[in-house]
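A short worksheet on the structure shown next.
Bear in mind these aren't lab numbers, they're just calculated from the coordinates by the rules spelled out. As the structure is a prediction and not an experimental result, all values here were calculated from the model. Virtual Cβ from ideal backbone geometry, glycine too; neighbours counted across all protein chains shown.
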Amino acid sequence: MSARMTMDQFVKSHALGNDYIVLDEAQLSKPLTPEAVRRICDIHYGIGSDGILLLTAGQGADFGLRIFNPDGSEAEKSGNGLRILAKFLYDHGYATKSEFTMSTLGGIVRARLQLDRGQVTDVTADMGRATFVSSEIPVAGPRREVVKEVLQVGERQFTVTAVSVGNPHCVIFTDELDPDEVRRLGPAIEHHPSFPNRINVQFARVLGRERVSILIWERGAGYTLASGTSSCAVAAAGVKNSLTDRRVTIQSPGGELTVGVTENWDLTLTGPASEICVGRLSQDLLRSLPA
């Protein structure tokens, strides 16, 4: 195990190509404002990242996690981020056991590490309970389950299922996946008036009862190679629409994740995470961060 992080140190990791910078709030010499997040995540003026994971004191859990998108907004939950932080906590000596809890804005998550000779190979996270109820996602209009609803986007109509897994998602099942279409339509769906808090978007092609291929437009981040909560949302929507079994492999451009869906709609997510590098925020970068 590595030592805990020191002042202004960071770790950069990825989960299926979805990369995050991990920072320890207790070791930051400057507060992490939205402006600072945008600068640190900038590929030209900062480190470059899909977001920042900020380790905090746990709120009713062993550890706490705040998740920031590269635009400076804060996300409720991230499946890839949770797996990255879980591996980080074990590798850097914060966690001494292979099972622990983390508090997020989207609820408390329990993580279980799969170890091989002391090395973390996979992480399974209990991702909470899926809900399709409009007021809990949220989706505008009367209280209802948002399943197989028509959504008008410009001149296009889509049949969508909306679901919250601690953060909001709009799942569109389709026969063909087109990355250019996702990039073109993603922003309009994310900011659609039906979704007052904006929304994550997944285009999903069912390959079989136990496998679905997806493309992702992530709220606040854009086109994304992989997303744990998106995978959970698609798995839940697949079961809700009678398209998949309750254990399904979700295939994205970054790789594969396994999601389990219980009869009570509780979700588990299993997949890898990998550390890329360890560094320190330079004085030049710190001076450039807005006060």
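So which lysines pass the test for Lys240, namely a Cα distance under 23 Å, with those fewer than 8 places away in the same chain ruled out?
Lys77, Lys148
Count neighbours as other Cβ atoms within 10 Å of each site's Cβ, and list the trypsin sites (Lys or Arg not before Pro) in the stretch 1-59 that are DSSP loop with at most 14 such neighbours. Mind dumping the intermediate values first?
Numbers: sites: Arg4, Lys12, Arg38, Arg39; in loops: Arg4.
Those satisfying the criteria are Arg4.
Provide the gained length on full extension for the span Lys30 to Ala140, in nm with one decimal, where the gain is 0.36 nm per separating residue minus the Cα-Cα distance. Kindly include the intermediate steps, with their values, before the conclusion.
Working: separation 110, 0.36 × 110 = 39.60 nm, distance 3.83 nm.
35.8 nm is the gain from fully extending Lys30 to Ala140.
What distance in nm separates the two pseudo spin-label positions at Ser98 and Gln283, each 7 Å out from Cα along the beta-carbon direction?
In this crude spin-label approximation the distance works out to 4.5 nm.
Could you grab the relative contact order for the stretch 131-264? Cα pairs under 8 Å, six or more apart, rounded to a whole percent.
On the way: 288 pairs, mean separation 25.2, N = 134.
Dividing the mean separation by the residue count of the stretch 131-264 yields 19 percent.
On the first, second and third principal axes, largest extent first, how far apart are the outermost C-alpha atoms of the chain in Å?
Sorted largest first, the three principal extents are 51, 42, 32 Å.
For the stretch 240-249, just list the computed ³J(HN,Hα) in residue order, Karplus coefficients 6.51, -1.76 and 1.60, θ = phi - 60°, integers in Hz, with x standing in for Gly and Pro.
4, 8, 6, 9, 9, 7, 7, 10, 9, 8
Given the stretch 131-264, what whole percent of its Cα pairs are spread farther than 18 Å? It would help to have the intermediate numbers written out before the result.
Working: 4199 of 8911 pairs.
Cα-Cα pairs of the stretch 131-264 separated by over 18 Å account for 47 percent.
List the residues of the stretch 1-43 whose backbone N lies under 19 Å from a point placed 7 Å from the Cα of Ala291 along the Cα-to-Cβ direction.
Within reach of a label on Ala291, which here means backbone N under 19 Å from a point 7 Å along Cα→Cβ, the stretch 1-43 contributes 29-37, 39.
Separation between the Arg112 and Thr174 pseudo-spin-labels, each 7 Å from Cα along Cα→Cβ, expressed in nm?
Using points 7 Å along Cα→Cβ, the separation is 3.6 nm.
Can you say what percent of the DSSP beta bridges in the stretch 181-291, counting only those with both residues inside, are antiparallel? Round to 5. Walk me through the intermediate numbers first.
On the way: 20 of 23 bridges.
Within the stretch 181-291, antiparallel bridges account for around 85 percent of the total.
Taking H as built 1.01 Å from N, whose amide H comes closer than 5 Å to the amide H of Ala95, not counting residues under 5 places away?
Result for Ala95 returns Tyr90.
Can you give the local net charge around Pro272? Use residues other than it whose beta-carbon is closer than 9 angstrom to its beta-carbon, Lys and Arg +1, Asp and Glu -1. Numbers along the way, then the final one.
Values: positive: Arg83, Lys87; negative: Asp122.
Residues close to Pro272 contribute a combined charge of +1.
In sequence order, what are the phi-derived ³J(HN,Hα) couplings for the stretch 6-12 according to the Karplus relation 6.51 cos²θ - 1.76 cosθ + 1.60 with θ = phi - 60°, rounded to whole Hz, with x for glycine and proline?
Once θ is set to phi - 60°, the couplings for the stretch 6-12 become 9, 3, 6, 7, 9, 10, 10 Hz.
To the nearest 20 debye, what is the magnitude of the charge dipole of the stretch 131-264 about its Cα centre, counting +1 on the Cβ of each Lys and Arg and -1 on the Cβ of each Asp and Glu?
That gives a dipole near 240 debye.
Only residues of the stretch 191-216 count here: report those whose backbone N is under 14 Å from the spot 7 Å along Cα→Cβ of Thr159, or say none.
Answer for this model: 204-206.
Using Cα-Cα distances under 8 Å and only pairs 6 or more residues apart, what relative contact order does the stretch 1-149 have, in percent?
Details: 278 pairs, mean separation 25.0, N = 149.
The value is 17 percent.
Take Leu207, project a point 7 Å from its Cα along the Cβ direction, then tell me which residues of the stretch 218-255 have their backbone nitrogen under 12 Å from it.
Those under the cut-off are 249-255.
To the nearest 20 debye, what is the magnitude of the charge dipole of the stretch 81-196 about its Cα centre, counting +1 on the Cβ of each Lys and Arg and -1 on the Cβ of each Asp and Glu? List each step's numbers first, then the result.
Working: 13 positive and 15 negative charges, 106 e Å.
Its charge dipole is roughly 500 debye.
Compute the relative contact order of the chain as a whole-number percentage, counting only Cα pairs closer than 8 Å that sit 6 or more residues apart in sequence. Display every interim value, and only then the final one.
Values: 713 pairs, mean separation 55.7, N = 291.
Averaging sequence separation for qualifying contacts and normalising by length gives 19 percent for the chain.
Rank Pro142, Pro34, Pro272 by mean-square fluctuation in a GNM of the chain with C-alpha springs under 10 angstrom and give only the top-ranked residue.
Of Pro142, Pro34, Pro272, the most mobile in the Gaussian network model is Pro142.
Which ³J(HN,Hα) values, rounded to whole Hz and listed in residue order, are derived for the stretch 125-130 from phi using the Karplus coefficients 6.51, -1.76 and 1.60 in 6.51 cos²θ - 1.76 cosθ + 1.60 with θ = phi - 60°, glycine and proline given as x?
Each residue's phi maps through the Karplus curve to give 10, 7, 8, x, 10, 7 Hz.
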